[in-house]
Amino acid sequence: MFDYLKEEGVPESLLRAVEEFRRNYAVAEGLQRPRFTYYGEKIWEEAICSLLAGQNLLLSGPKATGKNVLAENLSFLFGRRSWNISFHVNVDASYLIGCDTFDGNRVAFRPGPVYQVAREGGFGILDEINMAKNEAVAVLHATLDHRRIIEVSGYDRIALHPSARFIATMNYGYAGTREINEALGSRFAVLQMPVIEEKQLARLLVKEHPDMSSQMQKQLCAVFYELCAKAESAEISARAVDLRGILDASALMALGLRPLEAMDMCISNKVFDSTERAIIHDSIAARIPRSWK
Ligand SMILES: Nc1ncnc2c1ncn2[C@@H]1O[C@H](COP(=O)(O)OP(=O)(O)O)[C@@H](O)[C@H]1O
Ligand SMILES: [Mg+2]
């Protein structure tokens with residue numbers, strides 16, 4: 001991954017600092033390179049700087065802009081184990097930090113993910129943090145600011161290991177998204193995640209589907225940015241602007257499904273309003289004819 005980042009133009013001084021971090025905090029064993037590589041050197045550079053400075057990072061942006069991919073890539077680069085912490089309805093202090101449980105013989109502390117990150121000096125990925133309830137947010141306050149502590153109910157407070165970091169993600173940019181409150185937001189350095197650049201998308205498609213014709217690859221890129229533009233001008237909602245859908249459709253094409261049908265399944269049909277769905281279908285069909293196999 002270091003070679004890749006060097007080629008991308010991430011400053012070598014930063015990469016050397018990451019190497020020093022890895023030497024200082026012994027790289028965790030058994031880490032595997034994530035399935036996807038994040039493309040976008042400016043975001044890489046900013047994210048690395050911020051983590052080196054000991055900050056927590058909030059990645060904010062529309063869906064499928066690579067927020068989770070980047071968070072996993074960063075954990076791997078820094079040589080830390082990562083814990084994915086998602087904020088479903090039942091997330092509270094005892095889930096995040098841990099609680100005493102009785103196994104039939106004795107009471108033992110069952111550690112939660114935030115506790116494990118703190119102890120091991122791992123990276124905690126706070127997924128879709130804007131969905132967190134107040135109780136979960138309250139737990140994070142002291143953890144995420146300069147105090148770097150967690151309160152373990154019934155036990156002592158413990159300090160975060162110096163290599164522990166938190167990377168939060170937040171889907172933002174479509175109707176109905178929740179914001180995070182100011183106090184929580186102030187505890188992070190924030191990156192507004194851009195939509196993937198055209199040359200990077202081409203690269204991603206080639207890497208994922210080396211057998212795809214270059215004509216198909218060009219048309220898929222074109223469709224994606226056309227849908228982005230239509231959503232920006234409010235002609236359609238942002239629902240159909242979904243890189244994940246494009247990749248999923250490509251996987252169906254590789255299995256032999258007709259390209260237009262694959263795109264309908266993975267893009268157009270996700271929009272339930274029929275007028276909007278027709279606009280999306282037509283703009284795909286203009287580039288990917290029904291006759292294509
Ligand atoms: N800049 C990017 N570099 C690499 N992959 C990207 C990028 N943006 C989006 N993707 C791809 O989009 C898909 C969704 O990524 P993910 O990280 O789950 O998105 P998010 O968490 O922002 O919704 C993945 O397959 C990922 O590889
Ligand atoms: Mg995500």
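The values are calculated or read from the model by the stated rules, or taken from the named source; none is laboratory data. Since we're looking at a predicted model, the values are computed, not measured. Glycine also receives a Cβ, built like all others from the backbone with ideal geometry; neighbour counts cover every protein chain displayed. Keep in mind that these areas ignore ligands, DNA and RNA; they rest on the heavy atoms of the full protein, side chains included. Shrake-Rupley method; radii C 1.70, N 1.55, O 1.52, S 1.80 Å.
Within the group GLU41, GLU46, which residue is open to solvent by 50 Å² or more (accessible area, probe 1.4 Å), within 16 Å of ligand 1 (Cβ to nearest atom), under 20 Å from GLU7 (Cα atoms) and at pLDDT 95 or above?
Details: GLU41 fails: at pLDDT 95 or above.
Selected residue: GLU46, the only one of GLU41, GLU46 that is open to solvent by 50 Å² or more (accessible area, probe 1.4 Å), within 16 Å of ligand 1 (Cβ to nearest atom), under 20 Å from GLU7 (Cα atoms) and at pLDDT 95 or above.
Just checking, does segment 52-59 include any residue being under 15 Å from LEU126 (Cα atoms) and within 11 Å of ligand 1 (Cβ to nearest atom)?
Scanning segment 52-59 turns up at least one residue that is under 15 Å from LEU126 (Cα atoms) and within 11 Å of ligand 1 (Cβ to nearest atom).
Being surrounded by fewer than 19 Cβ atoms within 10 Å (Cβ to Cβ) and not in a helix (DSSP H, G or I) is the requirement here; does ARG22 meet it? Full working, then the answer.
On the way: surrounded by fewer than 19 Cβ atoms within 10 Å (Cβ to Cβ): yes; not in a helix (DSSP H, G or I): no.
So ARG22 does not fit the description; no.
Just to be sure, is GLU29 under 17 Å from GLU198 (Cβ atoms) and either among the acidic types (Asp, Glu) or not assigned by TED's automatic domain parsing to the domain that holds CYS266 (or both)? Break it down into steps so the answer makes sense when it comes.
Values: under 17 Å from GLU198 (Cβ atoms): no; either among the acidic types (Asp, Glu) or not assigned by TED's automatic domain parsing to the domain that holds CYS266 (or both): yes.
Answer is no for this residue.
Could you say which residue among ASN73, ASN68 is assigned by TED's automatic domain parsing to the domain that holds ALA168, open to solvent by less than 10 Å² (accessible area, probe 1.4 Å), touching a residue at least 60 places away in the same chain (Cβ under 8 Å) and within 14 Å of ligand 2 (Cβ to nearest atom)?
Going through ASN73, ASN68 in turn, the sole match is ASN73.
Within segment 191-221, which residues are among the β-branched types (Val, Ile, Thr) and open to solvent by less than 40 Å² (accessible area, probe 1.4 Å)?
ILE196
Checking the condition surrounded by 18 or more Cβ atoms within 10 Å (Cβ to Cβ) and in contact with a Pro (Cβ under 7 Å, 6 or more places away or on another chain), which residue from ILE267, ILE284, ILE280, ILE288 passes?
ILE288
Touching a helix residue (DSSP H, G or I) at 6+ places or on another chain (Cβ under 9 Å) and part of a helix (DSSP H, G or I): does that describe LEU70? Working first, answer last.
On the way: touching a helix residue (DSSP H, G or I) at 6+ places or on another chain (Cβ under 9 Å): yes; part of a helix (DSSP H, G or I): yes.
In short, yes.
On the basis of being more than 16 Å from ligand 1 (Cβ to nearest atom) and surrounded by 15 or more Cβ atoms within 10 Å (Cβ to Cβ), does ILE236 make the cut? Reasoning before the result, please.
Numbers: more than 16 Å from ligand 1 (Cβ to nearest atom): yes; surrounded by 15 or more Cβ atoms within 10 Å (Cβ to Cβ): yes.
When the stated conditions are applied, ILE236 passes them.
Confirm whether GLU151 is assigned by TED's automatic domain parsing to the domain that holds ALA53, over 19 Å from the mean Cα position of the chain (by Cα), more than 16 Å from ligand 2 (Cβ to nearest atom) and under 30 Å from SER237 (Cβ atoms).
no
Determine if segment 88-111 includes at least one residue that is under 24 Å from ASN134 (Cβ atoms) and within 15 Å of ligand 2 (Cβ to nearest atom). Don't jump to the end; show me each part of the working.
Initially, segment 88-111 is screened for residues under 24 Å from ASN134 (Cβ atoms), giving 88-100, 110-111.
Add one more test, that the residue is within 15 Å of ligand 2 (Cβ to nearest atom), and what stays is 88.
Scanning segment 88-111, I find at least one residue that is under 24 Å from ASN134 (Cβ atoms) and within 15 Å of ligand 2 (Cβ to nearest atom), so the answer is yes.
Taking segment 113-152 as the region of interest, how many residues are within 16 Å of ligand 1 (Cβ to nearest atom) and in contact with a Lys or Arg (Cβ under 8 Å, 6 or more places away or on another chain)?
Summing the residues that are within 16 Å of ligand 1 (Cβ to nearest atom) and in contact with a Lys or Arg (Cβ under 8 Å, 6 or more places away or on another chain) in segment 113-152 gives 4.
Across segment 110-151, what is the total count of residues that are among the aliphatic types (A, V, I, L, M), surrounded by fewer than 20 Cβ atoms within 10 Å (Cβ to Cβ) and at pLDDT below 90?
4
Just one of PHE188, PHE224 is out of contact with any strand residue (DSSP E or B) (no Cβ under 8 Å at 6 or more places or on another chain) and either among the polar types (S, T, N, Q) or surrounded by 14 or more Cβ atoms within 10 Å (Cβ to Cβ) (or both); which is it?
Unique residue meeting the criteria: PHE224.
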